[in-house]
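The values are calculated or read from the model by the stated rules, or taken from the named source; none is laboratory data. Values in this document were obtained by computation on a predicted structure and should not be read as measured data. Reconstructed Cβ throughout: ideal geometry from the backbone, glycine too, with neighbour counts over all protein chains shown.
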Amino acid sequence: MHNYREIKIWQRARVLVKEVYLVTKQFPSDELYGLISQTRRAPVSIVLNIAEGAGRGTNKDFNHFLHIAKGSLFEVESLMILACDLEYISENAKEEMLDKTSEIVKMLIAFQKNLSNV
């Protein structure tokens, strides 16, 4: 088992959750049960899947949950692109979020490679 709280990816994903919540405060209130809800759930899923995977008994199981977390990262990216398309966020805000998610994806891939070699 791994201590998920010590994993840098989990720590970065927690920061991403906060940033996504702050960004979605700019969205129109009629999106509360649509894009806002979906956009907020995706980064929370990243944090939770890393934690759940870390608690599993094997690296293979952990790797499975990391794959799910990676999918949620791509979901966040897509949602930020849609938010920009709908003019809920600026192009600059979108690019900042894409940079952050891309960094976490790279960290996740490296961690998965390292995990597979153990």
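State all residues of the stretch 87-107 that are of a type outside the set (Gly, Ala, Ser), assigned to a loop (DSSP other than H, G, I, E, B) and over 13 Å from Gln38 (Cβ atoms); if no residue qualifies, say none. Give the derivation first.
Residues of the stretch 87-107 that are of a type outside the set (Gly, Ala, Ser), as a first pass: 87-89, 91-92, 94-101, 103-107.
So of that shortlist, the ones also assigned to a loop (DSSP other than H, G, I, E, B) come out as 87-89.
Within the stretch 87-107, Glu87, Ile89 qualify.
Anything in the stretch 79-117 that is surrounded by 12 or more Cβ atoms within 10 Å (Cβ to Cβ) and small (Gly, Ala, Ser)? List them, or say none.
Ala83, Ser90, Ala93, Ser102
Of all the residues that make up the stretch 1-24, how many are modelled with pLDDT of 95 or more and part of a loop (DSSP other than H, G, I, E, B)?
Result for the stretch 1-24: 1.
Read through the list (1) modelled with pLDDT of 95 or more; (2) of a type outside the set (Gly, Ala, Ser); (3) not in a helix (DSSP H, G or I), then give the number of the only condition that Arg40 fails.
The failed condition is (3).
Could you look through the stretch 49-81, keep only residues that are farther than 21 Å from Gln11 by Cβ and among the β-branched types (Val, Ile, Thr), and pick out the one that is nearest to the chain's Cα centre (by Cα)?
Filtering first and then ranking leaves Ile81.
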